[in-house]
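Below is one structure, written out as structure tokens, with a few remarks after it.
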Amino acid sequence: MSDSGNAIELNGLTKSFPGVRAVDGLTFAVRRGEIFGLVGPDGAGKTTTMRMLAGVLAPDQGSATVAGFDLTRDAEPAKHHISYMPQRFGLYEELTVDENIRFYADLFGVPRREREERSAELLKAAGMAEFRSRLAGKLSGGMKQKLGLVCALIHTPEVILLDEPTNGVDPVSRRDFWRILYTLLDQGVTILTTTAYLDEAERCHRVALLHEGRMLFCDTPANLKASLPGAVLSIVCADPRPVRDLLAGIEGISSAMIVGDGLHLVVRDPQRMIPELRNRIAAAGLSCDAIEQVAPSIEDLFVEAVQGGHGQDRQDARDDHGGQGHTEDREHQGGGR
Amino acid sequence: MNWNRLCAMARKEMIQIRRDARSIGIVIAMPIVMMFAFGYGVSFDTKHIPVYVYDQEKSQQSQDFVKRFQASVYFNVVKTVQSYPELVSAIDAGRCQIGLVVPPDFSKKLRSGQKVSVQAIFDGTDSNSASLGMSYTEAVAQAHSQQLQLAWLRGRGQGQPRLPVSVDARTWFNENLESMVTIVPGVVAMVMAVVGTFLTSLTVAREWERGTMEQLISTPVTPLEIMLGKLAPYVVIGLADTSLCAVMGVWWFGVPFRGHIWVFLLSTLLFLIVVLSLGYFFSVVAKTQLAASQVSLIATFLPAFLLSGFMYPIDQMPAVVRGITHVVPARYYMAILRNVFLKGSPVLTMWQDLLGLAIFAAVLGLAATRVFRKKLA
Ligand SMILES: Nc1ncnc2c1ncn2[C@@H]1O[C@H](COP(=O)(O)OP(=O)(O)OP(=O)(O)O)[C@@H](O)[C@H]1O
Ligand SMILES: [Mg+2]
């Protein structure tokens, strides 16, 4: 492992497909023992980044180091130290849970005794102990994801790459998932995960937002929320769509996002804005229940960044807050929404 | 290369084959069905073969000859035609299987004690019944000759025996007609060419299609381990399949097995390496099961069918085509199998064919190890 204390380093990593630059000069680093979240809208380039870091896709330009191995030169030796769980279920449906686990254990040279101990432990943690002889193809979607994680963790990796691991997983199983991940962090493993759930992003030590192959932000969740320019107003209303269309583009509102019970706006001056909003909504013949200032979430920040385009200037702030983020966010584990 | 990883690949592949109904079908049903389809697809009921006669002389003697055919249970003289084209079109249209042409000088030559050739044209598309028809025709001609000879001897006192009438047999569409027994060893080679390539053509493509490849190539497993691990189960299956075909050939079709079993196994092993590597190669390149299986069927079935000596004898091909047959591995295997089943001549006489197979096994096997890349797209 490199001296820098970074388990993963990306340096100008770039990958193009015909007609699209999927990953565009990506540079960031993940420290050892950290859990790092990569978020972004569909097509942002998350999967492409993960594939390059897993050594299964060759970058066009730039370089990356994972677990101390330069991927452009030593992708194959690096694979002994990496666990990769692809976004699409990658296990054998005709094999049972145990057979899949054994297959991956054998590929990584895990001795039999260790395999048996580890798989019993992991399956128990995943709540799958009684499904060991079921065919993988007959598992539910969430179970498949958990089996993917178990197979990825059957050897002792230094770096774990998870591409939307909790996609399609029910909330209870997601808790199992995160419990397993935090146990691994205690053992000094480094985790890079992508996620579509922004509440999960808040459980990471640091988070990076990817958009069109570039990184807009990279910081601890707490710092990111603090750095949101302006404040978040929540408008509770039954039919948020016309309200959003009405308000979008008004001077002083930099982004508008539909949420579960209404609308979130990012505004510069919340106190002055509340009465103005009430007036405008009423004048347009629309209705709303409450308008109040709320604490910003990561989601607010990301919508603001993608819609408002303010992200670029914050990119250089990325490296400076990780240390505090660590302890702070460990306590976060139980606290997802 | 790591032995444990190789075994893990092979074990996984074996479990997949066992649990996949389609694989089981290819492994067990396909050889049996193909053996029957090729070896047995023809009707053995060769009694009353329809015959058209073009009697150019219409003499007493020629009519006697034709009557002999009519009298035999094997033939049914359906019609007498007045021209050659009529005869040809009847064969083409399938109205008859044999066209008999009696020359205009039939009786004249017989009288002067010369040898007469009667032309018999066979529809060779159904080679089994054609071959039987041919031997019956010869038998009838022979019997007629003997009768004439007896009469002639009786008339002349003792003299040297002659065979006045012979059949000059020409078979259309299958110039060098072969009997059932010679066909079956070729069928075994054909079946293995197709089944072998087909089996492995699915194996890599399936991993791409189902999305299991991405996770597989993120592990330390090497391309060589992937290939050997995937092919090992199919080598075992292929040997079992070939033995099954051979047993069917001997017990069901009554083909002899005169050579050494180990020549059979060695050549089969070499041929399996050839076809399995080829299938693996297509599978890696095509990345979809459909494309891979289609390409492999076309690439193995047609050459094995047309250019291996199965359908047309190699020594009767035009020089250019004969040259091409040297790059059809099935050609060598076919020759070895025919020898092993029918002749059982010493191994050394087959060294060229064995060498040819070994070279193809080495080249294609090596090419297959090179083609796979542990990267996406
Ligand atoms: N193999 C490929 N061939 C062509 N284009 C590709 C390929 N893989 C990805 N892309 C394109 O690259 C861009 C980034 O895709 P990528 O899968 O990395 O996004 P993502 O952030 O993982 O999205 P999602 O959240 O939907 O999984 C997209 O525009 C996608 O269409
Ligand atoms: Mg993705």
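Filtered by the rule that a residue be surrounded by fewer than 24 Cβ atoms within 10 Å (Cβ to Cβ) and more than 16 Å from ligand 2 (Cβ to nearest atom), the range A:182-202 gives A:TYR182, A:THR183, A:LEU184, A:LEU185, A:ASP186, A:GLN187, A:GLY188, A:VAL189, A:ASP199, A:GLU202. Regarding A:THR156, is this residue within 14 Å of chain B (Cβ to nearest Cβ), modelled with pLDDT under 95 and part of a loop (DSSP other than H, G, I, E, B)? In short, yes.
Among the candidates A:ALA54, A:ALA44, single out the residue that is crowded, with 24+ Cβ neighbours inside 10 Å and either at pLDDT below 95 or within 16 Å of ligand 2 (Cβ to nearest atom) (or both). Lay out the reasoning, then the answer.
Working: A:ALA44 fails: crowded, with 24+ Cβ neighbours inside 10 Å.
Just one listed residue meets the conditions, A:ALA54.
Within the range B:19-43, residues that are more than 21 Å from A:THR96 (Cβ to Cβ) and modelled with pLDDT under 80 reach partners that are surrounded by 19 or more Cβ atoms within 10 Å (Cβ to Cβ) and of a type outside the set (Gly, Ala, Ser) with beta carbons closer than 7 Å, at six or more positions or on different chains, in the pairs B:PHE38/B:VAL187; B:PHE38/B:MET190; B:GLY39/B:ILE183; B:GLY39/B:VAL184; B:GLY39/B:VAL187; B:VAL42/B:ASP126; B:VAL42/B:ASN128.
When B:LYS375 is tested against the conditions (1) within 30 Å of A:GLU76 (Cα to Cα); (2) at pLDDT 90 or above; (3) surrounded by fewer than 15 Cβ atoms within 10 Å (Cβ to Cβ), the lone failure is (2). Within the range A:162-180, track down each residue that is crowded, with 19+ Cβ neighbours inside 10 Å, within 11 Å of A:GLU200 (Cβ to Cβ) and within 16 Å of ligand 1 (Cβ to nearest atom). Within the range A:162-180, A:LEU162, A:GLU164, A:PRO165, A:THR166, A:VAL169 meet the criteria. What is the one condition in (1) over 19 Å from B:ALA29 (Cα atoms); (2) surrounded by fewer than 19 Cβ atoms within 10 Å (Cβ to Cβ) that B:LEU270 does not satisfy? Of the numbered conditions (1) over 19 Å from B:ALA29 (Cα atoms); (2) surrounded by fewer than 19 Cβ atoms within 10 Å (Cβ to Cβ), the odd one out for B:LEU270 is (2). Among the candidates B:VAL194, B:VAL187, the residue that is touching a Gly at 6+ places or on another chain (Cβ under 6 Å) and at pLDDT 75 or above is uniquely B:VAL187. Please determine, by comparing only the residues of the range A:205-245 that are more than 16 Å from ligand 1 (Cβ to nearest atom) and charged (D, E, K, R), which one is modelled with the highest pLDDT. Checked the range A:205-245; the qualifying residue modelled with the highest pLDDT is A:ARG206.
Restricting the search to strands (runs of 3 or more DSSP E) fully inside the range A:18-118 and requiring at least 3 residues that are within 13 Å of another protein chain (Cβ to nearest Cβ) gives A:82-85.
A:ALA248 meets all of the listed conditions (1) free of Cβ contacts under 8 Å to residues at least 60 places away in the same chain; (2) touching a Lys or Arg at 6+ places or on another chain (Cβ under 9 Å) but one, namely (2).
The values are calculated or read from the model by the stated rules, or taken from the named source; none is laboratory data. All figures in this text were calculated on a predicted structure; none of them were measured in a lab. Every residue, glycine among them, receives a Cβ derived from its backbone with ideal geometry; neighbour counts consider all protein chains shown.
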